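Peer 1: Pasting a structure below so you can have a look.
The values are calculated or read from the model by the stated rules, or taken from the named source; none is laboratory data. Predicted, not measured: the structure shown is a model, and the values here were computed from it. Because the Cβ atoms are built from the backbone with ideal geometry, glycine has one as well, and the counts that use them run over all protein chains shown. For accessibility, only protein heavy atoms count, side chains too; no ligands or nucleic acids. Shrake-Rupley method; radii C 1.70, N 1.55, O 1.52, S 1.80 Å.
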Amino acid sequence: MIAFPCVDRPDVSIVMVTYGGWEWVSRALGAIVANTEPCYEMVVVDNASPDDTGDALDRSVLGATIVRNDRNVGFGPGANQGALHAVGRYLLFLNSDAFVEPGWLPPLRDVLDRDPRVGAVAPRLLEPDGTLQEAGGLVGAGGFAGQFGMGADANDARYRYRRRVDFASAAALLVRRRDFRAVGGFDPAYGMGYFEDVDLCLDLWGRGLATVYEPASTVVHLRGASTTFDESQARAARSHPVFLRKWARQLAMRSPVAELERYPHRLVASRDARAPDRILVVRTGRGPRAPIDELASRWPDALITVLHLDDPDAAGDGRLLGLGVEVASTEDGLGAWLAERRFHYSVVVVEDEGAGTLYDGMLGRYQPQAVRSVATPAALDRAMAEAGFAPPLTRAAQPGGVRP
Amino acid sequence: MARHEIQRRCENAEVRAFAPLGHRHPVRSDGGEPAEPLGTWSPTRAAELAGLTDCVVVTGELILNDEGLGARYGMTPGEARARGLSRFFVEALGAELEMECPVVWQSVGLTDDDDPEVSARLRTALARRTLVTVRDERSRRRLERAGVERDVVVLPDPILLVARWLPESVLSKRLAYLRLMGWYPAEGPVLVIEASAQLRPAIANVASAIGDVEGPVTVVVAELTPYDGTGGLADELAAALGCDVFRMPAIAGSDDIAAALGAAQAGFIGTSTLGATTAKAYGRPVVVLDAADVAQGSLADGYRAARAAADGGKELAELTSALDRQFDRVVEISTGAARRRPPGPVAGDGSPTQIEAMRRALAHRAERAAAERATFADRVVDLEAVVARLEVEAGHLEHWGNSQAEARAAAEGELAALRATRTFRWTYAARDLYRRLRGGNRLGPR
């Protein structure tokens, strides 16, 4: 028996759509009960499971709203149906084969609580073997929509900082109920599934609401527990033209996410497309340190990358990662690293003023567009202004000090 | 809708929604935007609310006795009276505070409950009220029976302006969803019938009214106010009509109801004023049932007349203008009250909507610029590859050039050596003769 807590005023409505696979469904529901503080209600929409999952839900689950459809309406419509039953401020869409880890929910809620300009937030998705499945998604020309970081080491610093993303998979996605309603929910045009989560996030972006990847929250996702690989491919093939037709104009200005060996800059260009204000801090171990915390709070929408040329192990600086700062190092030298980020940055700060000229050639070749600065506060302010950044936030205006 | 209309006119205004329990009693219909709780009425609480605001707008359908209102929230009569919930709607802030902080009744809907105690409270409270409008004749008559002696204007519920709030893109998305779920027909004229207790006795008349209509009509039964679900009534209606009907679930949201009514070419029959007003907003024929309509024939006549009259145009335009004037007046009252207050913190320059629009435009421009840089980077990579290739070719050419120069130098050296030999010098005359015999010029000097 899986018993959900009785919560008087749930703040979060967790919506799960099931289609068979009771073994995973029960495990997913059990993980919610075990790893979630009682601030939520549970809504399960069963899409006429071909096995006994529907009956098992009725039999084995207490304290949840169970809706049983007499036919499979697909993920998006099923999720919309679950949302109609919700009373929470927030909706959390969770796949029936997604298992939440301890402490998963507060970091997601924090993001929405603190910044009204964020519309959706997603956790780090892991494969069952612990490798990374998704650190947010990115779109590219030609209707490309892919999971960033698939197959990588989940603890790699490249995937451990909070950042704005094009979309995140609805395998685990927290949105405000009012924003979900405002865009009309998941578009039924995508039928049984695929691309409806991309569509939802792009719809939210269209209303000025960001989607954020929050790696402080972790969910393990099995994938494919309710569909076969062939059926998944078929659904994706049917949905892709719908997606392409709807978003052709917006996607046209994007780089293709292809030929990455020849054009390595395309990957970070797509990864950071939603953070066009970008600051690179080159840290050599000499010279005054740039005030990263202050940069992060005064320009919360900017992507800040701290490149450690002094200490390759510093890339795991958890404190900076927690601020949403990219912390990087390179064994291939500055030139090779910059080549993969050609024309990427708005401002480049070389902390060691004396060493700045050493890098002139490489910076001139790979970041000619960037405003150069040293690390003093006055110089940084001038550099941001020259780069066209919006005026820095005052303390009163900062959205709770949490960078999306 | 009221919040939307006020905010549209006064973008710097902060509009806060309050309800008896607010977010302490979250419901599906709050759409994820629960109101703030009003709490328990007291002079202190009234003063607190008056301090927060320049104007109080009371709107929606009201239940004016505490027991009835409390029952909606699962309270006992004693608890409801202790909280004084209805006082927020009738007495509002109290006479003294209302002089500084005006209270407006905006398209309020009243029930037929002729409680003498409530009537007395209404007479006292509404005598001082800055503006009083109710949403239908029934509500106006209620005030008349209560002895309220002041002009009371009938204005439709602001839901009449729903098309301003609900974009067409969202409406069509929800309609597609309703059709996919089998709750709404895919095509053809639709008549939405409200599932309600008043309609149950009139099912035969409804069926007769529908049968009177020329051409096919598909019926959709929807629950607009809390009832018993659509199942029983839908079954009875289907039996009376001799064909199946579509059933919208009770959980359908307000945007789903709007989508259903907006697409209902054959109109709406029901008791809900909100439902009727929404259908009217989209130019659909409307029949609002009351007890008199249960009589045989009148419903069919009424429906026929409604279909004939429903061009939407003139009446809708007049009602919309009236509502616009009302909201203009509400904003005028609010800003007047705000000006009379002592100076406080000054709001920033520029309306929030303008600032947000500029922020988004700048963000889009920055994204576009970054995307253009990435495309430019592609071109630079391509050109660098071309340059690298050309450099290699140039290197090859230089090497070939060098080797050719070396070969030429070697050949010239050999020729010079040959010319320096005695054989070459002694054979000059013979070579010269041979050349002239071949038609060539004389050889050069020896």
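Peer 1: Looking at segment A:34-48, which of its residues are among the β-branched types (Val, Ile, Thr) and farther than 16 Å from residue A:18 by Cβ?
Peer 2: Step one: of segment A:34-48, the residues among the β-branched types (Val, Ile, Thr) are A:36, A:43-45.
Selection gives A:36 alone.
Peer 1: Quick check on segment A:171-196: of everything there that is open to solvent by less than 10 Å² (accessible area, probe 1.4 Å), more than 12 Å from residue A:80 (Cα to Cα) and in a loop (DSSP other than H, G, I, E, B), which residue is nearest to the other protein chains (Cβ to nearest Cβ)?
Peer 2: A:193
Peer 1: Right, something else. Which residues, counting only those in segment A:146-170, are aliphatic (A, V, I, L, M) and within 14 Å of chain B (Cβ to nearest Cβ)?
Peer 2: Filtering segment A:146-170 down to residues aliphatic (A, V, I, L, M) leaves A:150, A:152, A:154, A:157, A:165, A:168, A:170.
Residue satisfying the conditions is A:165 alone.
Peer 1: Within segment A:197-212, does at least one residue satisfy the condition of being buried (at least 24 other Cβ atoms within 10 Å of the Cβ) and closer than 27 Å to residue A:318 by Cβ?
Peer 2: yes
Peer 1: Something else now. Scan B:194, B:236, B:168, B:149 and give me the residue that is acidic (Asp, Glu), farther than 30 Å from residue A:178 by Cα and at pLDDT 90 or above. Spell out how you get there, then give the answer.
Peer 2: Details: B:194 fails: farther than 30 Å from residue A:178 by Cα; B:236 fails: at pLDDT 90 or above; B:168 fails: farther than 30 Å from residue A:178 by Cα.
Answer to the selection: B:149.
Peer 1: In segment B:113-149, what residues are open to solvent by 70 Å² or more (accessible area, probe 1.4 Å) and assigned to a loop (DSSP other than H, G, I, E, B)?
Peer 2: Hits for segment B:113-149 are B:114, B:128, B:149.
Peer 1: Same structure again: Just need a number here: residues in segment A:1-30 that are away from chain B (no Cβ under 14 Å), within 27 Å of the chain's Cα centre (by Cα) and surrounded by fewer than 20 Cβ atoms within 10 Å (Cβ to Cβ).
Peer 2: Count: 4.
Peer 1: So which of A:161, A:213 ends up being touching a residue at least 12 places away in the same chain (Cβ under 8 Å), part of a loop (DSSP other than H, G, I, E, B) and under 22 Å from residue B:363 (Cα atoms)?
Peer 2: Of the residues listed, the single one that is touching a residue at least 12 places away in the same chain (Cβ under 8 Å), part of a loop (DSSP other than H, G, I, E, B) and under 22 Å from residue B:363 (Cα atoms) is A:161.
Peer 1: For residues that are within 8 Å of chain B (Cβ to nearest Cβ) and either more than 25 Å from residue A:207 (Cβ to Cβ) or among the aromatic types (Phe, Trp, Tyr) (or both), tally how many sit in segment A:272-285.
Peer 2: Summing the residues that are within 8 Å of chain B (Cβ to nearest Cβ) and either more than 25 Å from residue A:207 (Cβ to Cβ) or among the aromatic types (Phe, Trp, Tyr) (or both) in segment A:272-285 gives 0.
Peer 1: Among the residues of segment B:202-244 satisfying the criterion of being touching a residue at least 40 places away in the same chain (Cβ under 8 Å) and assigned to a loop (DSSP other than H, G, I, E, B), which is surrounded by the most Cβ atoms within 10 Å (Cβ to Cβ)?
Peer 2: The selected residue is B:224.
Peer 1: For the condition more than 23 Å from residue B:133 (Cβ to Cβ), within 14 Å of chain A (Cβ to nearest Cβ) and more than 20 Å from the chain's Cα centre (by Cα), what is the one hit in B:77, B:43, B:37? Break it down stepwise before answering.
Peer 2: Details: B:77 fails: within 14 Å of chain A (Cβ to nearest Cβ); B:43 fails: within 14 Å of chain A (Cβ to nearest Cβ).
Step by step, each of B:77, B:43, B:37 is checked, and only B:37 is more than 23 Å from residue B:133 (Cβ to Cβ), within 14 Å of chain A (Cβ to nearest Cβ) and more than 20 Å from the chain's Cα centre (by Cα).
Peer 1: List the residue pairs whose Cβ atoms are under 8 Å apart, where the first residue sits in segment A:36-59 and is at positive phi, the second is open to solvent by 10 Å² or more (accessible area, probe 1.4 Å) and not in a helix (DSSP H, G or I), and the two are 6 or more positions apart or on different chains.
Peer 2: A:48/A:19; A:48/A:68; A:48/A:69; A:48/A:70; A:48/A:71; A:48/A:72
Peer 1: Are any residues in segment B:15-28 within 9 Å of chain A (Cβ to nearest Cβ) and either in contact (Cβ under 8 Å) with a residue 24 or more places away in the chain or not in a loop (DSSP other than H, G, I, E, B) (or both), and if so, which ones? Steps first, please.
Peer 2: As a first pass, look at segment B:15-28 and keep what is within 9 Å of chain A (Cβ to nearest Cβ): B:23-28.
Scanning segment B:15-28 gives B:23, B:24, B:25, B:28.
Peer 1: In segment B:159-193, what residues are in a loop (DSSP other than H, G, I, E, B) and not charged (D, E, K, R)?
Peer 2: B:166, B:167, B:181, B:182, B:183, B:184, B:185, B:186, B:188, B:189
Peer 1: For segment A:57-81: of the residues being open to solvent by less than 20 Å² (accessible area, probe 1.4 Å) and part of a helix (DSSP H, G or I), which is farthest from residue B:249 (Cα to Cα)?
Peer 2: A:57
Here's the yes/no breakdown for (1) over 30 Å from residue A:259 (Cα atoms); (2) more than 14 Å from chain B (Cβ to nearest Cβ); (3) more than 14 Å from the chain's Cα centre (by Cα):
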{"residue": "A:46", "(1), (2), (3)": "yes, yes, yes"}
{"residue": "A:52", "(1), (2), (3)": "yes, yes, yes"}
{"residue": "A:58", "(1), (2), (3)": "yes, yes, yes"}
{"residue": "A:65", "(1), (2), (3)": "yes, no, yes"}
{"residue": "A:84", "(1), (2), (3)": "yes, no, yes"}
{"residue": "A:98", "(1), (2), (3)": "yes, yes, yes"}
{"residue": "A:123", "(1), (2), (3)": "no, yes, no"}
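Peer 1: State yes or no: is residue B:264 open to solvent by less than 20 Å² (accessible area, probe 1.4 Å), in a loop (DSSP other than H, G, I, E, B) and not aromatic (Phe, Trp, Tyr)?
Peer 2: So residue B:264 fits the description; yes.
Peer 1: Take residue A:36 and tell me if it is surrounded by 22 or more Cβ atoms within 10 Å (Cβ to Cβ), away from chain B (no Cβ under 13 Å) and at pLDDT 95 or above.
Peer 2: no
Peer 1: For segment B:363-395, name all the residues that are closer than 30 Å to residue A:208 by Cβ and at the interface with chain A (Cβ under 7 Å from one of its Cβ atoms). Write out each step before concluding.
Peer 2: Within segment B:363-395, the subset closer than 30 Å to residue A:208 by Cβ is B:363-378.
Across segment B:363-395, the qualifying residues are B:366, B:367, B:368, B:369, B:370, B:371, B:373, B:374, B:375, B:376, B:377, B:378.
Peer 1: Are there helices (runs of 4 or more DSSP H) fully within segment B:273-375 with at least 1 residues that are modelled with pLDDT under 85 and open to solvent by 40 Å² or more (accessible area, probe 1.4 Å)? List them.
Peer 2: By residue number, B:298-309, B:313-340.
Peer 1: If the requirement is being open to solvent by 10 Å² or more (accessible area, probe 1.4 Å) and within 26 Å of residue B:32 (Cα to Cα), which of these qualifies: A:158, A:124?
Peer 2: A:124
Peer 1: On to the next question. Out of the residues in segment A:310-352 that are in a strand (DSSP E or B) and hydrophobic (A, V, I, L, M, F, W, C), state the one that is farthest from residue A:298 (Cα to Cα).
Peer 2: So, considering only residues that are in a strand (DSSP E or B) and hydrophobic (A, V, I, L, M, F, W, C), the one farthest from residue A:298 (Cα to Cα) is A:328.
Peer 1: Shifting gears a bit: Please state which one of B:183, B:165 is within 26 Å of the chain's Cα centre (by Cα), touching a residue at least 24 places away in the same chain (Cβ under 8 Å), within 14 Å of chain A (Cβ to nearest Cβ) and closer than 28 Å to residue B:89 by Cα. Before the answer, list the steps.
Peer 2: Working: B:183 fails: closer than 28 Å to residue B:89 by Cα.
The conditions single out B:165.
Peer 1: While we're looking at this one, here's another question. Out of curiosity, is residue A:124 assigned to a loop (DSSP other than H, G, I, E, B) and either touching a Phe, Trp or Tyr at 6+ places or on another chain (Cβ under 9 Å) or closer than 23 Å to residue A:232 by Cα (or both)?
Peer 2: Judged against the criteria, residue A:124 is not a match.
Peer 1: Related question: Test residue A:340 against the stated conditions and say whether it is in contact with a Leu (Cβ under 8 Å, 6 or more places away or on another chain), more than 20 Å from residue A:374 (Cα to Cα) and either within 14 Å of chain B (Cβ to nearest Cβ) or surrounded by 14 or more Cβ atoms within 10 Å (Cβ to Cβ) (or both).
Peer 2: Taking the combined requirement at face value, the residue satisfies it.
Peer 1: Mind telling me which of the residues B:78, B:74, B:68, B:60 ends up being part of a helix (DSSP H, G or I) and at pLDDT below 90?
Peer 2: B:68
Peer 1: Quick one: how many residues across segment A:82-108 are open to solvent by 10 Å² or more (accessible area, probe 1.4 Å) and farther than 20 Å from residue A:219 by Cα?
Peer 2: Looking only at that region, the number is 5.
Peer 1: Here are some residues: A:234, A:252, A:269. Which one is over 27 Å from residue A:335 (Cβ atoms) and within 10 Å of chain B (Cβ to nearest Cβ)?
Peer 2: On inspection, the qualifying residue turns out to be A:252.
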